[in-house]
Each structure stands twice: as structure tokens, then as C-alpha cells.
1. Please report the net charge: other residues with Cβ closer than 13 Å to the Cβ of B:A33, K and R +1, D and E -1.
2. How long is the stretch B:298-365 along each principal axis, judged by its Cα atoms, biggest number first, in Å?
3. Once both labels are modelled 7 Å past Cα along the beta-carbon direction, what's the B:A198-B:S260 spacing in nm?
4. If the elastic network links every pair of Cα atoms under 10 Å, which of B:I126, B:I196, B:I223 fluctuates the most in the Gaussian network model of chain B?
5. Equivalent-ellipsoid semi-axes (√(5λ), Cα gyration tensor) for the stretch B:1-130, whole Å, largest first?
6. At 20 °C and a viscosity of 1.002 mPa s, what translational diffusion coefficient does Stokes-Einstein give for the stretch B:265-321, taking Rh as the Kirkwood radius over Cα pairs? Give it in µm²/s as a whole number.
7. B:G127: net charge of surrounding residues, Cβ under 12 Å, Lys/Arg +1, Asp/Glu -1, itself excluded?
8. Take the cross-link list A:K132/A:K159; B:K336/B:K375; A:K97/B:K336; A:K35/B:K88; B:K66/B:K134 and give me the ones stretching past 21 Å between alpha-carbons.
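FYI, it's all coordinate maths here, none of it is from the lab. Everything quoted here is computed from the prediction, not taken from an experiment. Glycine also receives a Cβ, built like all others from the backbone with ideal geometry; neighbour counts cover every protein chain displayed.
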Amino acid sequence: MRFDLEIIASWIEPGSRVLDLGCGEGDLLVYLKEKKQVTGTGIELSEEKVVTCIDKGLSVLQGDINKEVEDYADHSFDFVILSQTLQQVYEPATLIKELLRIGNKVVVSFPNFSHWRCRLQLLFYGMAPKTKQLPYQWYNTPNIRVMTLGDFRRFAQKKGFHILKEVAINTQNKDKQGKIIHFFPNLRATYGIMLIGNRNNEKNIN
Amino acid sequence: MDNTFAIVEPKKFKSSQSLSLESGKILEGVSIAYETYGELNPKKDNAILLCHALSGDAHAAGYHHKDSTKPGWWDTMVGPGKAIDSSKYFIICSNVIGGCMGSSGPSSINPKDGQHYALNFPVVTIGDMVKAQKLLLDHLGVPRLLSVIGGSIGGMQTLEWSIRYPDFVFSAVPLASAQRHSALAIAFNEVARQAIMADPNWRKGNYYNNEKPGLGLAVARMIGHITYLSDDSLRNKFGRRLQDKKDFSFNFDADFQVESYLRYQGSKFVDRFDANSFLYITKAADYFDLKTQHCAEGQPLSSFAKAKAKFLVVSFTSDWLYPTYQSRALVKAMKKNNLDVSFCEIKAQCGHDAFLLPNPQLSSLISGFLDRMKKEFQLGHAF
């Protein structure tokens, strides 16, 4: 499993109701079902991946995450997970608001655009950065909302939700291994992972 | 061909109970033709009901005789080691009431006068078909269904099951189906019914002692058949190719292969299907409407409020008779009612027919879903 997913999994409380947006082939949901006995649902766009997930015994819907989340009643889930997808969302503020409506807590992970490699490429080569985490050219990238850890904190403040937990990580080996970054995370982390909640959820911070 | 390994026996159940129908009429002495595959386990928690579509029957899998070359209508999906595995599950398939493949329908004999019912057979609904299936399952000693699976009109039955008998149905798999027919689907059904009723041999349904309304039924089948295919599949299969000739005949014989194919499908259907049953079953499908039948007033998405089942909904990209938006509407209503639902739209060229054709994606979806249902049913999760 991807290193960021391991961290996310460690945040999920046993027996909770989990929605995984862009669940891919369902690695995280399978892990959470087995290790934490969660009731899990996934949403995934690709037919092939949906078939793989359902074949593995997961409950998964094929569809666009922006549309699919609208149908759920308020507080349908304890945790909603949006891993490595926020950078591809057209209206992130609208989506996050919706996720905080259907879920009590939301986990968001995204590539950190202020990693030193990105900075160096822009500074010395004058090129739009291309990294292992953001491997596309400017003209074919699906990642239309590149952001930094700091950007996300400011975004949270402006849009009125709380960051309950925050971890910055540096990953290697196709994101399978990694370590938590404590010093200069905005410079050294390849990904940021945030647990967010509504302002009125403040008491729930553990 | 030696089919000895897969011989199945057609069975019949005659209920002593009368069935009160949605129309207010009573159907006495209901007969139901059915087949079973596999064994009901001691815990009785492995039963799966299959619901057939318009022209299907109780013969879903295997062969009736060792020399038979034609297996049941879903033999690619149902059998030992297949996606709906008869070595794990006890699988039941029955002919719908109103049909003509052994269950009570307009071609059956009315016990009151010893004549064929014809149009004296009461109009039945999808709900009535499901009530009849329930009589059969009670007779077979099935206390609860692990799953109910069906495509098209069979999918409507699975939905009806999940709402009418919520505690009886652990999971349901509606394929290429909808909570109600679109105006387009009703329109095609009406043209098909008109074709039958316009045949002079139809005689207001009383043709059982005379010649059958074969031409009308054949045209009805041809219309239906077109709606089960797609632009792509017709183009790939036939294009504009001519049938056994190099040039047009300049008369009204079948010049194009597609014409010849439809004529063949139409005439083949006349041999095995009853025209009145076609009227009854299409009407039942047109009447079906989960929204008006099961929604609370002013709450258009409450149709599944009573349901408890876990669902797998599947649609097919080229199906224009039961398009994906209808399956998505089902999924939306299920989600609004906090039900466990999985959904997949399978890429397929062959239109509505896709649910009946061999498809590895569909097989994986169904077998994976059933494996999960089996585990969760045994754990006693949902109830």
C-alpha cells in the first residue's frame, strides 16, 4: 500500500463508516475492512477499477466524485477520504464543503508543490516543474490545482474549516515507502496529509 | 453432444392458495414452472432467485435432454464453477405468471370452463409476478434469499422483491433495468402490441383453437429485437450487406442481411411464444413504477425507504432501451435511503442484450458481489 495511505489508515477509528473518493483498485478500503472492520464505500471513475474492487468484495460506485457525493444524506460517514485527488478537482472549495456535510471528518492528501525539486526546476531551468509526484507536462496534466502545504492552511482558514491533524511525508519507491517530515516540511515533503473538520467539530480533536 | 452432466429437470408447482392481484381480481390455482440448480444447504442461507426477462423462461441453465443443443438462457452465467455457481448456491428460476412457458397465463386452461383463458386471464403486474414467486419459495422451504438477480423486466422484479419483501431479500442485482419504463420503452411495447392485435388471426385473443397470430407476433418480436441491439452492433453485424445476392431484387423480398435476420428472429419466436403472453408481460412492465407505487407523497426519492437489501446495479453503455441514466436514478434513490449499493456501467457494444451475453466484466462483478454477500449473510450483518 502507498505510504500516504498507511498514514491515513492509522487515523481511521475502528468500526467507522468510511467513504473513499477515487478509491482506485481498493487497496485502502480492503486494508480498512480487514484491520479496522470499517463499513467502507468507494467511488471510482474507471470501469476496470470498479470491477476489480467489487470482485475483491468492496462496495463501490462508478461515477464522478463531484456528482456522486451530492446524493448522500448529511453525516452519512465518519470519515471521507480524498487521497491525491484534490489537485485534480475543478472546484475544491465546493467539494470540501460537500464532504464536510456528508462526513464528520475529512482526510485530504495532496502533492506538495513547494518541495525543493519543484522550486529548483522553476528557479534554475525556468520550467513548469515535473516531478515523480506530478509527472506531467503543463499541457497534458490532470493536476490543475497545484498547491503547497502553506496554501492549504490558508485555504482552510479562509473557507472556515479546521485542520485537526497534519502530517508531511517524503516518499520513495513509487510512494510505497516514506518517512514523516518534521523539519521544514513545506520544503522537504512530497505530500501533505490533513485531517479536517468543521469549526463546530473543534471538541473532537484528539 | 453429451450433456448428461448438466441435465436439469423442469418442475412444476401448483399452489393451493389463490393469489389476490393488484387489479383487485383473484387468480385461483396458480401454477408455476420452475427449475433449480445446486442444493439448499442445511442453514438455508444460500438461495438465489433468478428473474427472467420478457421472452425468458424457467430454463436458465443446463440442458433438458442429453441430445439437446440449446442450453438455458443464462447458461454462460449459471452453473457449476460459473459466476452464479451452482456448486455453492441453491439457484431457483421460475416462469412469470402471465407467461407461456409453463406458469399460469392466458394460454393456460381456465378451470372454470375448461377453455383457454385468453383475455379472461387477469392483467398481472410485476408485483403480482413477485407474489407468485414468493408462493414458490415458501413451498420450497426457502426462508430468505441470499440474492435475487435479473435483467430488464427481470431487474424490475428484483427491485420489487427488495421493497415488497424487505426482510426476505439480503441482496439484489438489477441489471440493465429501471424503476419505471421511459415513454420510449412504452412506445415500442405499444407498437409491438398493436402489431399482434392487428393480425386478423388474433381474434381478440381467442385463437387457441385456430391459427395463431404468427405474423403479428413475428413483427412484435422484430421491433423488440431492434430495441435490444444498438446502432453499433447492427452496423458491425450486418452493415448494408445483402443476403445471398449481388444486387437489389427490386421487389419486397429480404434484400439486406438485417431484414433476413429480423424475419428469422420473428418466425423463430412464433414457434415458442404465445402472442397473448407478449401482451400481458409487456403491459406489466409498462405499468411498473416504483415511484408511484412505493414513494411517500411529496418524497420522490423515498421509493427504497422500506428496502434493506444490499444492491449491485449494472448498466451497459450502448443500452438505449434502459439507458444508464435510469440505473443512476436507481442508485441515487438507494443512496438517499442509506442503502449499501455498488454500481458499474460496463462498456458494451451490443445494446440492451448485453446482460445476456458472455461478458467477463459482468461475471466478475456478480461473482465478487455474491462472494461478499455470502460472507456478510453468514456473519448476520444486515438484519
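1. With Lys, Arg at +1 and Asp, Glu at -1, the neighbours total 0.
2. Each principal axis gives a Cα extent; for the stretch B:298-365 these are 38, 24, 14 Å.
3. So the label points at B:A198 and B:S260 sit 2.6 nm apart.
4. Fluctuation is largest for B:I223.
5. Sorted largest first and rounded, they come to 29, 17, 12 Å.
6. It comes out at roughly 143 µm²/s.
7. Details: positive: B:K131, B:K134, B:R164; negative: B:E22, B:D128, B:E160, B:D289.
Here the count lands on -1.
8. Table pairs above 21 Å Cα-Cα are A:K132/A:K159; B:K336/B:K375; A:K35/B:K88; B:K66/B:K134.
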